[in-house]
Amino acid sequence: MSEEHLKLVMKFGGTSLGESSGIRHVTGIVQDYAQQGNKIAVVVSAMSGVTDKLIEAAEKASMRDRASIDAFVKSLAGRHAQASQDIIKNGEILKQTLGSLNQQIAELEKTLVGITYLGELTPRSRDYVLSFGEKLSAIVVSGALKDLGLRTESFLGGQCGIVTDDRFGEAKPLMNITRQQVKERLGPAIAAGAVAVVTGFIGTTQDGLTTTLGRGGSDYTATILGASLQVDEVWMWTDVDGLMTADPRVEPSAKTIPVISFSEAIEMAYFGAKAMHPRALEPASERGIPIRVKNTLNPNSPGTLIVQEPQVEPERVVKTAAMIRNVALITVSGAGMVGAPAIAAKVFSVLGENNIDVLMISQGSSQANISFVVSRTSLEKAVNTLELSLLGSGFVKEVTSETGICIVAVVGAGMKGTPGVAARVFKTVADQGVNIRMIAQGSSELNISFVVEESEGVKALRALHKEFKLDC
Ligand code: ADP
Ligand code: ASP
Ligand code: MG
């Protein structure tokens, strides 16, 4: 394939699919690249805010709140129908689009009503409800592309071949079978010049049950497709110019990073929480497929290119600073833990068995306690299971927890083997009068992360951003 003609996966996030004008703009971008002769698979997220609203609706339904369903379904249907009517001019295409929307809306309504009868929301039915966000937006985007005269073929995540395990809510693709199926099903469509439109975020189990890939999972869909189709690049279109030196909502002087390695971007995704789904980088990195993060509002800017090899500039040891909120600190303590190495193993195996992700760990040299950080949503489950399995063992005296904290992290490949970075980080934070509660450095030396009071996180992050000259 010549250099001008690329095989691309383009993923559009919810931030780019706000209202009609956003969708119109996005389809214009696809049209431009398709007309230049590029082969394109488009991955769409739900329209902005829709996934959160679906979660809320499912939870209300599980509390037998039948009354709220009608209003919710009506407003969701109205929003998608309105966007279609605003964008699609061709009467026949509009009719088909509205018909497909209505079918999905009716199915969603039936599902929510079913949940009110049962009065319970299983992870499996929750995933099914969540899948409608992407199903609806893909219908609108596909209709809008057809209206522009493009030939499209639409696929649900499962239809195009994405098969996952059955960890509902955080499903992982079974890559061997997925690669094979996606190649067979999607490959011919784009080779023949159609724009493939695929719902992000969702897959199916081998038994055909709908799963979701975790919040922000459309990024993952894009790289799964990219790796399966061996595309030239995967483009993640979003509402900022690329991956940045900090979340621009927290640090207004944040700058776009032109090039970054997969390993740095993985750390960044992990600590930056939202900009990119952490596991999304794996399929692309394994196959060496570059990812480009681009801004729909500034399409000519090159964005951020994520590639295999780290580019270390001596004066840029730290590339980005990030913060994770909504976490909690758990401490397991007891004098009996000293010299009892099996306790740490027990703690983490209990957490692992219960699917609780541990974000950071530290054990004091006295060994009288182990502290670690988990997401706030899994706090209660973590404390309960630890108490059940550890108290009474004679070694552990108590399990305590604290919620008013956050993690701050700096990431950069240049930190590896550069002495004094940690000292500089902690001095900068101390100079702000911010107390550090816990410290961790991964053995990869790609990040240094620490825990502070939640109310002081922004101050610490901004001071580090300045110290490492990320604003220049
Ligand atoms: P999308 O809908 O495109 O998937 P997300 O909301 O998931 O968008 O992610 C984009 C947002 O991530 C940006 O608007 C930005 O505020 C936030 N963000 C946080 N940290 C960073 C960072 N380091 N670089 C870029 N964006 C970041
Ligand atoms: N719609 C899903 C979410 O909000 C997936 C995504 O946007 O990537 O998490
Ligand atoms: Mg996202």
> Which of the listed residues, A196, A58, I88, is farthest toward the dipole's positive end in the chain, when Lys, Arg count +1 and Asp, Glu count -1 at the beta-carbon?
Replying inline: I88
> Out of every Cα pair in region 94-174, what percent are spaced more than 14 Å from each other?
Replying inline: 70 percent
>> Test of understanding: express the Cα radius of gyration of the chain as a ratio to 2.2 N^0.38 Å, with N the residue count.
In response: 1.03
>> As an exercise, use a Förster radius of 35 Å and the Cβ-Cβ distance of A191 and K95 to find the FRET efficiency, rounded to the nearest 0.05.
In response: 0.70
>> Can you compute the FRET efficiency between A335 and H5 using 1/(1 + (r/R0)^6), with r the Cβ-Cβ distance and R0 = 56 Å? Round to the nearest 0.05.
In response: 0.25
> According to the square roots a ≥ b ≥ c of the eigenvalues of the Cα gyration tensor, what is the shape class of region 143-186, taking rounded for a/c under 1.5, prolate for a/b larger than b/c otherwise, and oblate for the remainder?
Replying inline: oblate
> If the chain between Y117 and R376 were fully stretched, how many nm would it gain, using 0.36 nm times the residue separation less the Cα-Cα distance?
Replying inline: 90.3 nm
>> Bin width 5 Å, origin at 0, all Cα-Cα pairs of region 1-63: what percent of pairs per bin?
In response: 4, 16, 20, 16, 14, 11, 8, 5, 3, 2, 1, 0
> Over 21 Å between Cα atoms, which of K7/K183; K39/K146; K53/K89 qualify?
Replying inline: K53/K89
> Can you pull the three principal axis extents for the Cα set of region 1-159, in Å, largest first?
Replying inline: 56, 31, 24
> Where both residues lie in region 123-280, what percent of DSSP beta bridges are antiparallel, nearest 5?
Replying inline: 50 percent
> Summing -39500 (n - 2.57) over the DSSP H runs of n ≥ 4 in the chain and dividing by its residue number, what mean residue ellipticity at 222 nm do you reach, to the nearest 500 deg cm²/dmol?
Replying inline: -13500 deg cm²/dmol
> Tell me, what is a quarter of the convex hull surface for the C-alpha atoms of region 161-298, in nm² with one decimal?
Replying inline: 8.7 nm²
>> Placing one identical point scatterer on every Cα of region 263-353 and ignoring solvent, what is log10 I(q)/I(0) from the Debye formula at q = 0.17, 0.19, 0.21, 0.22 Å⁻¹?
In response: -0.93, -1.03, -1.13, -1.18
> Roughly how many Å is it from the Cα centre of region 280-351 to that of region 424-453, as a whole number?
Replying inline: 15 Å
> Could you give the dipole magnitude of region 349-423 about its Cα centre, charging the beta-carbon of Lys and Arg +1 and that of Asp and Glu -1, in debye to the nearest 20?
Replying inline: 240 debye
> How far is the Cα center of region 46-75 from the Cα center of region 109-124, in Å?
Replying inline: 11 Å
>> Looking only at the chain, where both bridge partners belong to it, what percent of the DSSP beta bridges are antiparallel (to the nearest 5)?
In response: 60 percent
> What FRET efficiency comes out for the pair D431/S68, r = Cβ-Cβ distance, R0 = 51 Å, nearest 0.05?
Replying inline: 0.50
> Using the per-residue mean of other Cβ atoms lying within 10 Å as a proxy for protection, in what order, highest first, do the peptides 76-82, 137-143, 412-418 fall?
Replying inline: 137-143, 412-418, 76-82
>> What's the magnitude of the charge dipole for the chain around its Cα centre, counting Lys and Arg as +1 and Asp and Glu as -1 at the beta-carbon? Answer in Debye, nearest 20.
In response: 260 debye
>> Charges at C-beta only: +1 for Lys and Arg, -1 for Asp and Glu. How large is the resulting dipole of region 205-362 about its Cα centre, in Debye rounded to 20?
In response: 340 debye
>> Could you order the peptides 170-183, 225-238 from most to least packed, using the average number of other C-beta atoms within 10 Å per residue?
In response: 225-238, 170-183
> In region 353-406, if every C-alpha pair distance is counted and binned at 5 Å from zero, what percent goes to each bin?
Replying inline: 4, 17, 28, 28, 19, 5, 0
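The numbers here are math on the coordinates, done by the rules we state, and not lab data. Here the structure is a predicted model, which means the values were calculated and not measured. Cβ coordinates were reconstructed from backbone atoms using ideal geometry, including for glycine residues, and neighbour counts include every protein chain displayed.
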